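Reviewing the structure listed below.
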Amino acid sequence: MPDPIRLFVAGPEPVPATGSDQVRQPVLRARDIRVDFAGEPVVDGVSMRIDRGEAVGVIGPRGSGKTTLLNAITGVVPATGDLFVDGLPVRLGSPERSRRSGLVRMFQTPQPVRALSSADNILLANSDHRHRDLLAAWLLRPLLTRVQQERQTDTPTAAARAGSGRPAGPGTDVLTYGERRLLDIARGIAAVPRVLLLDEPSAGLSSRETDALLLLLRGVAAEGVGLLVVDHKIDFIDALCDRVTVLETGRVVAEGTPAEVWRDRRVMDAYLGAAHDA
Ligand SMILES: Nc1ncnc2c1ncn2[C@@H]1O[C@H](COP(=O)(O)OP(=O)(O)OP(=O)(O)O)[C@@H](O)[C@H]1O
Ligand SMILES: [Mg+2]
């Protein structure tokens, strides 16, 4: 039996972004982002920048506004401030505009359409069918291999689906929780984002699955995609991210490389203090 997690991450070596210009160019700039709930500031003047191919982590205690910041940037909650994607202004407050600008958001819990196969779920994400680039192929190939192997070994499932008018294949309910999360991320990647925003992608994953996720996301960043990653697993953030922004009560209290941020005593006190309370 092949290792399913390996199948998710096996594939050709990612193609490095071409030229230093591409690597250094900001793909996302957010300036003075603010969100209020009932008159209380929850995101309180956050500014940040993500370069192409760069992974930026957002960490902070529970309730510090990380998810709300992602919601603001992706137009899910009303917000003020300025947002630029690839240098072009994107008006806040519309998920549709955010998506069209190339921002793809993965939620805190996997949300695949359970009745569809893994491959169908990925194709669903890539609904405009314009993009057929390396990125999608890199991820689709191993997933399709897995689906094909399941099809051969999972005869009852395949038989149950015969006559449904769709190609036979297992639904996502045969996948483990960790595999469903990876599939969800695969859907996001197949949508060919400029920036992929992930909210606690490692939550509920085993350490082996977290390693697979790390490899997967490094490969995505190497393709030139910007990553904005919220997570509570500090080892995962440190291993993945080029820079880290630390939020506390909606404000940026520190930013820099992971090493720089962890040298900041305030961060240690604020973050670990709250983490211990959680
Ligand atoms: N829809 C909402 N209405 C009112 N208050 C909200 C709403 N969503 C979040 N909040 C509040 O905003 C604050 C920030 O919440 P948010 O979910 O962004 O934190 P977080 O940093 O993502 O926390 P966690 O680490 O637990 O995921 C919290 O005080 C929360 O109670
Ligand atoms: Mg959150």
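Read the figures in this text as sums done on the coordinates, not as results from a lab. Since this is a predicted model, take the numbers as computed values, not measurements. Glycine gets a Cβ as well: all are built from the backbone with ideal geometry, and neighbour counts include every protein chain shown.
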Task: For the stretch 212-219, 3J(HN,Hα) per residue [Karplus equation, 6.51 cos²θ - 1.76 cosθ + 1.60, θ = phi - 60°, Hz, x = Gly/Pro] - done: 5, 4, 4, 4, 4, 6, 4, x
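Tell me, Kirkwood radius of the stretch 182-224 from alpha-carbon pair distances, in Å? Could the numbers behind the result be given before it?
Details: mean 1/r = 0.0927 Å⁻¹.
About 10.8 Å for the stretch 182-224.
Quick one: if the Förster radius is 25 Å, what FRET efficiency do residue 257 and residue 47 give, using the C-beta to C-beta distance and rounding to 0.05?
Details: r = 18 Å, r/R0 = 0.71.
The formula returns an efficiency of 0.90 here.
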